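Where a number appears in this text, it was derived from the coordinates with a stated rule and is not lab data. Source: prediction; values computed, not measured. Using ideal geometry, Cβ is built from the backbone for each residue, glycine included, and neighbour counts are taken over all protein chains shown.
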Amino acid sequence: MRIIICVKEVLDPDAVDNYVLHGKLEIGADGKTLTQTSIPRLMNAYDEQAIEAALRLRDAGAECVVDVVCIAADPTAILRHAAAMGADEITTVPVDAASLDGHAVARILAAYVKSKGGADLILCGRQASDDDQGVVPALLGELLDLPVITIARSVTLEGGAVRVVRVTPNGDEVVEATLPAIVTISNELGTPRYPTTMRTMKARRLNPEQAPLAALGLGESDVAPLVRMTRQYVSSVQGNCRFIDGATAADQAAALIGELRSQRVL
Amino acid sequence: MANAVVFCSFDRGKDGLPAGAEEVLTLGRKLAAERGVDLDWVVLGPMSEAVAATASKLGVAHIDHMDDPALAELRPEAVIAAVHVYCRQASPGLVLMTQTFDARLVAPRAAARNGAGVVMNAVGIASKSDGITVTATAYGGDTRVEYDVAGPAVVGVVADSLLAEAAAVPSAPESRSIAVDLAGVQERVRVVQKAVTEGPRLEEAQIIVAGGRGLQEAQNYRLVEDLAAALGGMAGASRPIVDDGWTDSSHQVGLTGKITRPVLYIAAGISGASQHMVGCTAAKTLVAINKDPGAAIFKYAQYGIVGDCLEVLPELTKAVKGA
Ligand SMILES: Cc1cc2nc3c(=O)[nH]c(=O)nc-3n(C[C@H](O)[C@H](O)[C@H](O)COP(=O)(O)OP(=O)(O)OC[C@H]3O[C@@H](n4cnc5c(N)ncnc54)[C@H](O)[C@@H]3O)c2cc1C
Ligand SMILES: Nc1ncnc2c1ncn2[C@@H]1O[C@H](COP(=O)(O)O)[C@@H](O)[C@H]1O
């Protein structure tokens, strides 16, 4: 079987957070692009966990090709990381993802899946840590007419079906769908494996397969966005904290509880 | 009715009203007025009695009710199919949904099926001559992004970020029943085991004491639980300590955890990363305990204690119990 994992290249969200915290996040002249070149470009963490989910299926005995695809100008580094983790095939669709919206990304991914003769299982991250939109897997589900199961804690195969434990606001839910299907992976899946040095060395020489739009049968108009980002800015945080002093922790605690009571919070 | 601004609801909240109904209808009313179109409310599945009064208060023109046996449990394929039927008939210009867990799947699928643009995490929408500009959060709330959508759009709105406001003059909403036949719709995802809510939910807690990596060790999470118990509240957690198994994921607060809005939120040993803060900035009063006076969390807090949470938490529990 073929498992296709869709991975996005994102700016390290912790680094972005850090720059914001120190009031130093730079936004380019276009008013929307984060321009600091010192912010590392990483694989979206949920997508790394999606690869981990696929590798666990293989470890559990599923005979499968683990196929990782990324739409980005040059995501060689993150795709090599995917290969080092254990992916069998790595592919780039060389397009600047910033010029696309979720619909266009989904259309490209759908064309990619079709170019491979379909997939039995498609794994995505629950959302990308840059735009937080979480729409691509659902849009892809519509284009390919497949069931979509969101926010998985665990994924197993049972005959021709996928069984998923979903993390819902009401607790865990167990669901099942006949393959092919799309599943989005959440952080509850657990830490992705760390590639061995040997695998990392080997992957260093790999170059991802290139699947340009034309090779996927897509033209410019197929990837024209319906949704365009026009502006990005740092949200302001108020910051008028009243610090509770005290010689000891006990004094601070008593002062805080006293204050909360007098303000009728308690 | 064509081009109307539509609030589409397919859930029943605590009081029988769909989650975020008043907040999202308030936003919808302003947009409908700006565009000179109706604000309509499409209710999918069983309709609560509370809908009519709320619709009038918020200035809704039409209550469009769609029901079918397939909508009894509001499962996604049926809901998406119903939204699709509605959009084909009514061609609304803008469909608003409260961004619930289910809406995160329904909104993009419905948008794709209707050829509409989709934006989630919306905290504001403005009308433009040729469409809308949606303001949404990104990077877990670190940044805000504006998206232009020309043509029809489906937008998932973060209701907690908005205030509800009644219409200046209540409306007399007209009720319409929209026929829909979903007999052919199959739920492709089968529920093998339903989620069971055990006990109270963090989202509804009035008091939350949350702990983070600053607690140092799994066993110290007990200090958070003790204070929460003494205050009659619930215990929350940052993601790393959930990932490390100090407590289970039902306690995780934040972007990918629970969005809470308690009266009091006490954060102990939590740095204040944006992805955590989106889950607790709606708290009326936020208290932070952190040994680092430069921690980001103090930017959000009303009260701060600079200190070791392992010392401060037990003292707080004592102070609460002592009186
Ligand atoms: C896409 C995405 C989604 C995410 N979703 C979530 C989410 O839903 N919820 C969430 O919480 N995080 C989420 N995160 C993670 C988030 O970015 C932070 O990494 C996380 O919130 C940090 O947790 P923390 O504050 O417990 O740990 P740290 O950042 O390590 O902070 C520990 C804090 O404790 C303080 N400290 C240390 N020792 C003591 C002591 N003895 N006494 C007092 N203070 C002490 C330190 O000064 C520090 O400020 C997400 C990240 C991404 C990229
Ligand atoms: N440029 C991309 N290339 C490959 N996969 C993507 C891309 N963008 C989004 N995805 C997939 O869709 C998921 C959700 O992304 P988003 O809808 O942008 O939040 C990600 O976790 C990826 O699995």
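Counted by neighbouring Cβ atoms within 10 Å, the residues B:Trp246, B:Trp41 run from fewest to most as B:Trp246, B:Trp41.
Basic side chains Lys and Arg get +1 at the Cβ, acidic Asp and Glu get -1 at the Cβ, and with that the dipole of the stretch B:5-177 about its Cα centre reaches some 240 debye. Bridge orientation summary for the protein assembly as shown: considering DSSP beta bridges with both residues in this region, about 35 percent are antiparallel. Sorted ascending by nearby beta carbons within 10 Å, beginning with the fewest, B:His65, A:His22, A:His103 become A:His22, B:His65, A:His103.
Spin-label model, A:Ala161 to B:Ala179: label points 7 Å out along the Cα-to-beta-carbon direction sit 3.6 nm apart. Once backbone amide H atoms are built at 1.01 Å from N, A:Ser154 has A:Val165 as its partners under 5 Å, excluding neighbours fewer than 5 places away on the same chain. Cα extents for the stretch A:1-120 along the principal axes, largest to smallest and rounded to whole angstrom: 50, 27, 19. Between A:Arg261 and B:Thr197, the modelled label-to-label distance comes to 3.3 nm, taking each label 7 Å out from Cα in the direction of the beta carbon. Short-range pairs are left out: with C-alpha atoms under 8 Å and at least six residues apart, the relative contact order of the stretch A:2-223 is 26 percent. Estimated from the Cβ-Cβ distance and a Förster radius of 30 angstrom, the FRET efficiency linking A:Val234 and B:Gln219 is about 0.20. The charge dipole of chain B, taken about the Cα centre with unit charges on the Cβ atoms of Lys, Arg (+1) and Asp, Glu (-1), comes to about 220 debye, rounded to the nearest 20. Ordering A:Tyr19, B:Val189, A:Ile149 by the projection of their Cα atoms onto the charge dipole of the protein assembly as shown, which places +1 on the Cβ of Lys and Arg and -1 on the Cβ of Asp and Glu, puts A:Tyr19 at the extreme positive end.
Applying both filters, DSSP loop and at most 13 other Cβ atoms within 10 Å, to the GluC sites (Glu not before Pro) of the stretch B:131-226 gives B:Glu198, B:Glu217. The modelled label-to-label distance for the pair A:Thr197/B:Glu165, using points 7 Å beyond Cα in the direction of Cβ, is 6.4 nm. Net charge dipole, the stretch A:109-261: roughly 620 debye, given to the nearest 20, about the Cα centre with Cβ charges of +1 for Lys and Arg and -1 for Asp and Glu. For the stretch A:1-93, which trypsin sites (Lys or Arg not before Pro) are both in a DSSP coil and crowded by at most 11 other Cβ atoms within 10 Å? Answer by residue number: A:Lys24.
Taking amide H as placed 1.01 Å from N in the peptide plane, B:Val189 has no amide H partner under 5 Å among residues 5 or more places away or on another chain. Using every pair of separate Cα atoms, the Kirkwood estimate puts the hydrodynamic radius of the stretch A:2-223 at 17.9 angstrom. Among B:Tyr147, B:Tyr221, a tally of other beta-carbon atoms within 10 Å of each Cβ gives an order, fewest to most, of B:Tyr221, B:Tyr147. The alpha-carbon atoms of chain B define a convex hull whose volume equals 149 cubic angstrom per residue. Across the stretch B:295-305, coupling constants 3J(HN,Hα) worked out from phi with the 6.51/-1.76/1.60 Karplus curve, θ = phi - 60°, read 4, 4, 4, 5, 6, 9, 7, 8, 10, x, 10 Hz, and Gly and Pro carry x. The lysines whose alpha-carbon is closer than 29 Å to the alpha-carbon of B:Lys291, local same-chain residues fewer than 8 away aside, are A:Lys24, B:Lys258, B:Lys299, B:Lys318, B:Lys321.
Between B:Ala319, B:His65, B:Gly233, the Cα set farthest toward the positive side of the dipole of the protein assembly as shown (charges on each charged residue's Cβ, about the Cα centre) is that of B:Ala319. Taking amide H positions as modeled 1.01 Å from N, with prolines and chain starts lacking one, the residues under 5 Å from B:Arg176 and 5 or more places away or on another chain are B:Ile63, B:Asp64, B:His65. Based on the reciprocal of the average 1/r between different C-alpha atoms, the Kirkwood radius for the protein assembly as shown equals 25.0 Å. Dipole orientation for the stretch B:51-144: of the candidates B:Ala103, B:Ile125, B:Ser91, B:Ile125 has the Cα lying most toward the positive pole (charges on Cβ; Lys, Arg +1; Asp, Glu -1).
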